[in-house]
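**Student:** What follows is a structure written as structure tokens; I'll ask about it next.
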Number of protein chains: 4
Amino acid sequence: MTERTRKEGRERGEEWWSTEIIEMRPGMIRLRGYPIEDLIGRVSFPAMIWLMLRGELPTEAQASLLGTALGAAVDHGPQAPLIAIARMAATCGVGINSAMASAINVLGDVHGGAGEQALGFFGDIAAAMDAGQSLEDAVADRVDRFFARSGYVPGLGHRFHPVDPRAPRLLELVREAARQGTVSGRFADIAEAVEAAVERRKGKRIPLNIDGATAVIYGELGFPPPLTRGLFVLSRSVGILAHAWEQSQYPDRNKGPLPREWLWAYEGTPERRLPEASEP
Amino acid sequence: MTERTRKEGRERGEEWWSTEIIEMRPGMIRLRGYPIEDLIGRVSFPAMIWLMLRGELPTEAQASLLGTALGAAVDHGPQAPLIAIARMAATCGVGINSAMASAINVLGDVHGGAGEQALGFFGDIAAAMDAGQSLEDAVADRVDRFFARSGYVPGLGHRFHPVDPRAPRLLELVREAARQGTVSGRFADIAEAVEAAVERRKGKRIPLNIDGATAVIYGELGFPPPLTRGLFVLSRSVGILAHAWEQSQYPDRNKGPLPREWLWAYEGTPERRLPEASEP
Amino acid sequence: MTERTRKEGRERGEEWWSTEIIEMRPGMIRLRGYPIEDLIGRVSFPAMIWLMLRGELPTEAQASLLGTALGAAVDHGPQAPLIAIARMAATCGVGINSAMASAINVLGDVHGGAGEQALGFFGDIAAAMDAGQSLEDAVADRVDRFFARSGYVPGLGHRFHPVDPRAPRLLELVREAARQGTVSGRFADIAEAVEAAVERRKGKRIPLNIDGATAVIYGELGFPPPLTRGLFVLSRSVGILAHAWEQSQYPDRNKGPLPREWLWAYEGTPERRLPEASEP
Amino acid sequence: MTERTRKEGRERGEEWWSTEIIEMRPGMIRLRGYPIEDLIGRVSFPAMIWLMLRGELPTEAQASLLGTALGAAVDHGPQAPLIAIARMAATCGVGINSAMASAINVLGDVHGGAGEQALGFFGDIAAAMDAGQSLEDAVADRVDRFFARSGYVPGLGHRFHPVDPRAPRLLELVREAARQGTVSGRFADIAEAVEAAVERRKGKRIPLNIDGATAVIYGELGFPPPLTRGLFVLSRSVGILAHAWEQSQYPDRNKGPLPREWLWAYEGTPERRLPEASEP
């Protein structure tokens, strides 16, 4: 975008910030070529998200499935660091946007990256199938590889939920969408084959989690893996905002992680004096 | 939420983080009392946002109007600081969540606060009407006050757009929703009366802008002013993500604000030497 | 900086980012006019901070007093929200810079603003003295005003420490610096007069806290109040980094605010079903 | 820190936030075992940084060298994305702490990680020497490896400066510190051997840059590579603050990356209409 041409002056400056997303002139705003006033009231919010990210409008059935995935992951409670952060930040005299920013900022590789890894894994299986492998073989090969490496397969299992109640419901909706021709159902097949392969190896069922289930939807809808982290940010921002807002209705100031009358345990060096400080 | 009772031990710790938003046990997630698996696929994404923020489900007509407001404000291009920030951040080797956080963080009083101010202004007029004043008087009094103080009335006028193309379309949709009984149309009346009052004083029309138009919708739907800044964050996050994502597809590294071969102008003290440095 | 002239093209772009802080050409970097290679190894880190913020080099005695204030406020433990945030963020798979950013971001009006308010208060008294009022009268007038308004005087008292051990030591150092002619001692006089005036009104001593004590130093050194929030960020960033770093040495992932086996208390609506969900 | 013991109740909660850095009781603050009032005025700001990060006090010669490295990297001007971000954020109605946070947040792998990579590289050579390899062989092997992989050796070369004026001056100071016994000089030897090895391969000199030069100092002082990114944040925060502060003195609001009267170039889909929108 930035090095291709060698314009000069203002034209060069304007090219430095070029984009394919939005065109603007006084009194005119177009998103991906569509006049904004045509879009407003004609396409749903999830369809607008899709248009902005993908460049084309989805069908409303696709948009609705996207909205379902976004709605399913809005919150997992204040024991998640990002929600705790949003709530504490809301007591520190910053705007609600800043409370949200501090929280969104920690949706890093460990938390925000789980769906991305799951979709990368499922997409890799899909690619192997495109290259001629059977579903069973493609899954078996890749599950073996993960077991050899770490014993951990992305998109399955949950520290807290024996069965994540969101996952089977989301899969059900993908199956329904497949029956209606909205999606192919291929990523649902892959996810279930992965579940089965892991069960055979472990001797117990480790069910799909929310990251795996939303990865199935995002995969069915054609989103590339790294973009799904961004979709998760959009989704979880709703819970972040709800918690920051609820907290801001209370009078707490500088809310810490533990009740106000508690203290952390100190486990460091016992009291000592500076060498010079011990002199008279 | 935190000082009311004096429980002890674990119970005290758990109370410290109490919330009315989400209930969780292994295998169970409820949002505002509703099992998550009931919500998934049954309510739209904007309805989920509403439920999380307000505690009750909206009608789908209300949710749709909320989604329209959210969709209308997703982007205003890379000359806005927050979009430029998202794009630069995306070239610095941080996750897309962090690029989004750096950008969301600047939706402060100057930018993110405009809708909040507009809704506060409109709501103040509505309250005066509830107390018995006529629309005309309530508007005239408050517009006078703003003119006396700053000459600036929140929600009207745009630096760039003579007429913001989003605003009249949004007002049209509010009028339609009023005809269908989804909203009362009261904030639309107020906004138009404000426009007219300002026109009388200035001798020229200063039309409603996007902040004023979305404030009308949020007011019609019953959102309190400070929460609208949070809604704006949810909305603009879509544009932030789209721009961060587009930028991340290019090879730029450490993208600066000006073309790479340009430099800023230096306007400070001319070269000088440390006193000691000039000694032999 | 931005609207004064109407240059065009590249020159206009470069002017848009003009600064008095740094001048650069290939192979040349000057800070406030000084070649960087002259500064390196010749001025201390606090002196560099001063030069960057104020435009002139301090004496090393001044720089040392600045360094003392910066060093005194580096940490107040993980029950402060910003330290808890830094530690939780460090377990989420983001860079240490992002963990620091999420934490620094919450040094808002409630926490980071306390020193700014204290210095504003002390500076207001100093200005009244410049206008001819006696120390006693200037203090009495303003303490009365604060008592009438909120009962709260900035820079005094601490929720946790009966006497903040940092404050008397810092005051002692200001007195020493005054004896050596580094500072005038005027803000120390003001702070002590404020303490005495509050004691007379309340009937008990409410001693200077760290915000008040560092405000004295920053005032003595001539820093404007809003800049002291930035100095506090530089100072507390050290503690933020230390805690983020210590936490990153542990294997925790997605560390929440409470022990892993605890849950928050839910205080919201009891379980309920969607209207449609109850149908067969 | 968190899973070792199984205490209960408050004790378990307090253990969850245990630390070796700070001990606190009402009226008492100890950092790494030292009463804070003993440290204040007795150790320099860089020594305080060292104590907090390393757990022990440095000699003042060591602290001074650390301060030199911190002071050398405070700023590289507003064409760096993080400085541009700080300046734009300062015009958006957020606190200076939030302007700083948005900027610090982008010191990611691409920018903030360069010193970390350089120190990792140099430290790897040092480890090979400890295992018996000669300096020349250890360097040659690793430079070969980098050339085979990417042609890029960390810590050398600068996009803008033919010779970075900070680097030779910093190396000179390391040599001086080695003569005085403050450091061993080993990382300086390694860096110079790397420069020489690269020159032999490329046929031209690619001199040490600021990241390489500070990596030498941090290596000499015994800092582990990932911590050096945190040190860089502390250092560059000074420039971030200076620029945010300078910008906040100007009246700009919502400062964008280009002069206000410019626009970005649009390179996307030409105008199009929604299918339904074209219907009568």
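The values are calculated or read from the model by the stated rules, or taken from the named source; none is laboratory data. Since the structure is predicted, the reported quantities are computational estimates derived from the model, not experimental observations. Backbone-built Cβ (ideal geometry, glycine too); neighbour counts: all protein chains shown. Quick note on the areas: whole protein, heavy atoms, side chains included, nothing else; ligands and nucleic acids left out. Shrake-Rupley method; radii C 1.70, N 1.55, O 1.52, S 1.80 Å.
**Student:** Per residue of the stretch D:14-20, in order, report the coupling 6.51 cos²θ - 1.76 cosθ + 1.60 (Karplus, θ = phi - 60°) as ³J(HN,Hα) in whole Hz, putting x for Gly and Pro.
**Tutor:** 5, 5, 4, 10, 5, 8, 9
**Student:** Then there's this: Taking a label point 7 Å from Cα toward Cβ, how far is A:R149 from its twins in the other copies, in nm, shortest first?
**Tutor:** Copy-to-copy label distances for A:R149: 1.7, 5.9, 6.0 nm.
**Student:** Length gain on complete extension for the stretch C:D109 to C:Y250, per 0.36 nm per residue less the alpha carbon to alpha carbon distance?
**Tutor:** Computed gain between C:D109 and C:Y250 is 47.5 nm.
**Student:** Taking the Cα centre of the stretch A:136-280 as origin and charging only Cβ (+1 Lys, Arg; -1 Asp, Glu), how large is the dipole, in debye to the nearest 20?
**Tutor:** 180 debye
**Student:** If you count, for every residue in B:108-119, the Cβ atoms of partner chains within 10 Å of its Cβ, what is the mean?
**Tutor:** Counting other chains' Cβ atoms within 10 Å and averaging over B:108-119 gives 4.
**Student:** If each DSSP helix of 4+ residues adds -39,500 (n - 2.57) and the sum is divided by the residues in chain B, what number results at 222 nm, nearest 500 deg cm²/dmol?
**Tutor:** -17000 deg cm²/dmol
**Student:** Taking every residue in B:64-75, how many Cβ atoms of other protein chains lie within 10 Å of its Cβ, on average?
**Tutor:** Averaged over the peptide's residues, the number is 6.
**Student:** Taking the Cα centre of the protein assembly as shown as origin, work out the dipole magnitude from +1 charges on Lys and Arg Cβ and -1 charges on Asp and Glu Cβ, in debye rounded to 20.
**Tutor:** 0 debye
**Student:** Then there's this: Suppose all protein chains stay in the model; what accessible area per residue would a 1.4 Å probe give for chain D, in Å²?
**Tutor:** So chain D comes to 35 Å² accessible per residue, rounded to a whole number.
**Student:** Enumerate the calculated ³J(HN,Hα) couplings along the stretch B:146-162 in order (Karplus 6.51 cos²θ - 1.76 cosθ + 1.60, θ = phi - 60°), each rounded to whole Hz, writing x wherever the residue is Gly or Pro.
**Tutor:** 5, 5, 4, 7, 9, x, 10, 10, x, x, 10, x, 8, 4, 9, 9, x
**Student:** Once the dipole of the stretch D:74-255 is set up with Lys and Arg at +1 and Asp and Glu at -1 on Cβ about the Cα centre, which of D:Q117, D:S248, D:A148 lies farthest towards its positive end?
**Tutor:** Result: D:S248.
**Student:** Would you kindly derive the ³J(HN,Hα) couplings of the stretch B:34-43 from the backbone phi angles with the Karplus curve 6.51 cos²θ - 1.76 cosθ + 1.60 (θ = phi - 60°), listing them in order in whole Hz, with x for Gly and Pro?
**Tutor:** Going residue by residue, I get 8, x, 4, 6, 6, 6, 4, x, 10, 10 Hz, with x marking Gly and Pro.
**Student:** Quick one: net charge of A:D141's neighbours, Cβ under 15 Å, K/R +1, D/E -1?
**Tutor:** Taking every Cβ under 15 Å from that of A:D141, the sum is 0.
**Student:** When the Kirkwood radius is taken over all Cα pairs of the stretch A:43-84, what Stokes-Einstein diffusion coefficient follows at 4 °C and 1.567 mPa s, in µm²/s?
**Tutor:** Using the Kirkwood radius from Cα pairs, D works out to 114 µm²/s.
**Student:** Compute the label-point distances linking D:G268 to its equivalents in the other copies; points lie 7 Å from Cα along Cα→Cβ; give nm, one decimal, shortest first.
**Tutor:** Label-point distances to the other copies, shortest first: 3.4, 3.9, 5.1 nm.
**Student:** Could you tell me the total accessible area buried at the C-B interface, probe 1.4 Å, in square angstrom to the nearest hundred?
**Tutor:** 4400 Å²
**Student:** Now for a separate question. Measure up A:K255/D:K7; B:K7/C:K204; A:K255/B:K7; A:K255/C:K255; B:K255/D:K255; A:K7/B:K255 against 27 Å on the Cα-Cα distance and list the ones that go over.
**Tutor:** B:K7/C:K204
**Student:** About the Cα centre, and with charges only on the beta carbon of Lys, Arg (+1) and Asp, Glu (-1), how big is the dipole of chain C? Nearest 20 debye, please.
**Tutor:** 240 debye
**Student:** Rounded to a whole number, what % of the accessible area of the protein assembly as shown do carbon and sulfur atoms account for, probe 1.4 Å?
**Tutor:** 48 percent
**Student:** Please work out whether the stretch A:120-237 counts as rounded, prolate or oblate from its C-alpha gyration tensor, where a ≥ b ≥ c are the square roots of the eigenvalues and a/c under 1.5 means rounded, while otherwise a/b larger than b/c means prolate and anything else oblate?
**Tutor:** Rounded shape, in that the Cα axes give a/c under 1.5.
**Student:** Which Cβ of chain A lies nearest the axis of the rotation superposing A onto B, and at what whole-Å distance?
**Tutor:** It is A:A101, 2, counting Cβ atoms only.
**Student:** Give me the percent relative contact order of chain D, please, defined on Cα pairs under 8 angstrom at least 6 residues apart.
**Tutor:** Rounded, it is 24 percent for chain D.
**Student:** Among residues other than D:R205 whose Cβ falls under 11 Å from its Cβ, what is the net charge (Lys/Arg +1, Asp/Glu -1)?
**Tutor:** +1
**Student:** Additional query: Take every residue in peptide B:220-231, count the Cβ atoms of other chains within 10 Å of its Cβ, and give the average of those counts.
**Tutor:** That average works out to 3.
**Student:** Right, next: Among C:L53, C:S98, C:P78, flag the residue with its Cα farthest along the positive direction of the charge dipole of the stretch C:28-106, charges on Cβ as +1 for Lys/Arg and -1 for Asp/Glu.
**Tutor:** So the residue furthest toward the plus end is C:S98.
**Student:** Can I ask one more? Does the protein assembly as shown come out rounded, prolate or oblate by the C-alpha gyration tensor, with a ≥ b ≥ c the root eigenvalues, rounded set by a/c under 1.5 and, if not, prolate when a/b is larger than b/c and oblate if not?
**Tutor:** Rounded, since a/c falls under 1.5.
**Student:** Along Cα→Cβ at 7 Å, what distances in nm separate the A:T59 label point from those on the other copies, shortest first?
**Tutor:** Ordered by distance, the counterparts are at 2.9, 7.6, 8.0 nm.
**Student:** Name the shape class, rounded, prolate or oblate, that the alpha-carbon gyration tensor gives for chain A, where a ≥ b ≥ c are the square roots of its eigenvalues, rounded holds for a/c under 1.5, and otherwise prolate holds if a/b is larger than b/c and oblate otherwise.
**Tutor:** oblate
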